[in-house]
Amino acid sequence: MDIPNTPVPDTTAFLDDPQRKPLEIDTEQRRGPALFRWLTLGMEHVIAALLVALIVSVSANVIGRAILNHSLPWADELARMLFIWLIFVGAAAAFARYEHIAVDILVHKLPPRAAHILYLIQHLAITSLMGVIIWGGFLVISRASGRTAILGVPWNLVNISLVLCATFIATVAIWRAWQSVQQIRSPSAIPTTGDR
């Protein structure tokens with residue numbers, strides 16, 4: 001059975017959400033507060049550095065075991081710490097760029113005001129959850145006084161990654177909630193761009 005030569009549909013209509021434009025932080029198009037854009041770019045550079053350090057650490061241990069027949073015990077511990085930092089910095093950067101997985105079929109079908117009501121509820125829930133994580137993170141930091149077994153790095157150097165990630169996500173969520181409030185009040189408002 002032959003299929004007629006029909007053009008491939010443009011998928012950007014399914015993937016792009018015009019309701020979300022006022023909430024986006026885009027470093028290339030200079031959308032969103034300048035501080036968030038700079039922090040996002042900084043986090044992406046930190047992610048690259050952490051990934052390189054993680055690869056070097058794991059590779060050194062593999063080479064040590066396979067070729068030199070000698071394991072590097074510190075490499076395993078360092079890789080764990082780098083991986084924890086990589087997870088939390090990556091989560092914060094992905095949140096800033098709206099790259100976390102989301103089911104947004106309902107938001108696509110709603111009118112602008114209703115869509116931003118859902119965005120407001122979503123970001124208030126995220127802010128609340130991040131508040132709980134920040135509070136719990138500070139409890140862990142205040143009670144942790146130990147150091148890692150081999151490298152002797154204070155555990156709080158690892159634990160602070162969770163608090164920093166949650167603080168950034170909460171701050172961005174509060175900004176997005178405020179943007180949603182503005183869109184609810186005036187759905188025809190043009191998203192602001194440029195430095196603030």
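The values are calculated or read from the model by the stated rules, or taken from the named source; none is laboratory data. On a predicted model such as this, the values are computed, not experimentally measured, just so you know. In this analysis, Cβ positions are derived from the backbone assuming ideal geometry, glycine residues included, and neighbour counts consider all displayed protein chains. To get the accessible areas, we keep the full protein, side chains included, count just its heavy atoms, and leave off ligands, DNA and RNA. Shrake-Rupley method; radii C 1.70, N 1.55, O 1.52, S 1.80 Å.
Once segment 130-180 is narrowed to residues that are of a type in the set (Ser, Thr, Tyr), open to solvent by 30 Å² or more (accessible area, probe 1.4 Å) and over 17 Å from the mean Cα position of the chain (by Cα), the residue that is nearest to TYR119 (Cα to Cα) is SER142. With respect to being without any contact (Cβ under 8 Å) to a residue 40 or more places away in the chain and part of a helix (DSSP H, G or I), ALA125 fits the description. The one condition from (1) of a type outside the set (A, V, I, L, M); (2) surrounded by fewer than 16 Cβ atoms within 10 Å (Cβ to Cβ); (3) within 16 Å of THR171 (Cα to Cα) that THR40 does not meet is (2).
For segment 108-116, the criterion of being modelled with pLDDT under 90, within 30 Å of LEU78 (Cβ to Cβ), part of a loop (DSSP other than H, G, I, E, B) and open to solvent by less than 60 Å² (accessible area, probe 1.4 Å) is met by no residue.
Yes/no per residue for (1) touching a residue at least 12 places away in the same chain (Cβ under 8 Å); (2) of a type in the set (Phe, Trp, Tyr); (3) in a helix (DSSP H, G or I); (4) under 23 Å from GLY152 (Cβ atoms):
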{"residue": "MET43", "(1), (2), (3), (4)": "yes, no, yes, no"}
{"residue": "VAL56", "(1), (2), (3), (4)": "no, no, yes, yes"}
{"residue": "HIS70", "(1), (2), (3), (4)": "no, no, no, yes"}
{"residue": "ASP76", "(1), (2), (3), (4)": "yes, no, yes, yes"}
{"residue": "ALA79", "(1), (2), (3), (4)": "yes, no, yes, yes"}
{"residue": "PHE83", "(1), (2), (3), (4)": "yes, yes, yes, yes"}
{"residue": "LEU86", "(1), (2), (3), (4)": "yes, no, yes, yes"}
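Quick one: which of ILE101, ILE55, ILE67 is under 13 Å from the mean Cα position of the chain (by Cα), of a type in the set (A, V, I, L, M) and open to solvent by 30 Å² or more (accessible area, probe 1.4 Å)?
Details: ILE55 fails: under 13 Å from the mean Cα position of the chain (by Cα); ILE67 fails: under 13 Å from the mean Cα position of the chain (by Cα).
So the residue among ILE101, ILE55, ILE67 that is under 13 Å from the mean Cα position of the chain (by Cα), of a type in the set (A, V, I, L, M) and open to solvent by 30 Å² or more (accessible area, probe 1.4 Å) is ILE101.
Among the residues of this structure, ARG65 counts as one that is within 30 Å of VAL153 (Cβ to Cβ), out of contact with any helix residue (DSSP H, G or I) (no Cβ under 9 Å at 6 or more places or on another chain) and either among the acidic types (Asp, Glu) or without any contact (Cβ under 8 Å) to a residue 40 or more places away in the chain (or both). If the condition is being crowded, with 16+ Cβ neighbours inside 10 Å, modelled with pLDDT under 80 and either more than 28 Å from VAL103 (Cβ to Cβ) or β-branched (Val, Ile, Thr) (or both), then segment 1-37 contributes only THR27.
Could you grab me the full set of residues in segment 143-170 that are free of Cβ contacts under 8 Å to residues at least 40 places away in the same chain and either assigned to a loop (DSSP other than H, G, I, E, B) or within 17 Å of LEU124 (Cβ to Cβ) (or both)?
Step one: list which residues in segment 143-170 are free of Cβ contacts under 8 Å to residues at least 40 places away in the same chain, which gives 143-147, 152, 154-156, 159-160, 163, 166-167.
Matches in segment 143-170: ALA144, SER145, GLY146, GLY152, ALA166, THR167.
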